[in-house]
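**Q** I'd like to ask you about the structure that follows.
The values are calculated or read from the model by the stated rules, or taken from the named source; none is laboratory data. Being a predicted model, the structure only gives us computed values, none of them experimental. We place every Cβ from the backbone using ideal geometry, glycine too, and count neighbours over all the protein chains shown.
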């Protein structure tokens, strides 16, 4: 919300929504699970780290181009920045306290070697 207010100073427009928070969660997902594959529009597979960069670049482009769509694109960027700053603060706090479990090293999921029982359930579950 602070980013929206910064870019729309003196405007009578009021912003309301959670899209900035969603972009913060997108950054957190890309930080913890960078090699997970997601599907953009259900057809285009993309690793999470690249998806966050692509969606951030689109939000940046839509922020700098003047439009009257009524969408607070600056709030998306500041939400992503806020999520990144928060995660870096948590990482710093975890390393200062010596509590390494607060910032786990998470890699890609490993598929189990054998699967017994139902095969129609995804292996991630």
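**Q** Can you pull out every residue in the stretch 1-37 that is at pLDDT 85 or above, farther than 18 Å from residue 83 by Cα and surrounded by fewer than 16 Cβ atoms within 10 Å (Cβ to Cβ)?
**A** 35, 37
**Q** Yes or no: residue 60 at pLDDT 85 or above, surrounded by fewer than 16 Cβ atoms within 10 Å (Cβ to Cβ) and under 12 Å from residue 78 (Cβ atoms)?
**A** yes
**Q** Out of curiosity, is residue 98 at positive phi, under 20 Å from the mean Cα position of the chain (by Cα) and modelled with pLDDT under 75?
**A** no
**Q** Do we have residue 81 as modelled with pLDDT of 80 or more, part of a helix (DSSP H, G or I) and in contact with a helix residue (DSSP H, G or I) (Cβ under 7 Å, 6 or more places away or on another chain) here? Even if it seems obvious, please write down each step before you answer.
**A** Details: modelled with pLDDT of 80 or more: yes; part of a helix (DSSP H, G or I): yes; in contact with a helix residue (DSSP H, G or I) (Cβ under 7 Å, 6 or more places away or on another chain): no.
Considered against the rule, which asks whether it is modelled with pLDDT of 80 or more, part of a helix (DSSP H, G or I) and in contact with a helix residue (DSSP H, G or I) (Cβ under 7 Å, 6 or more places away or on another chain), residue 81 comes out as no.
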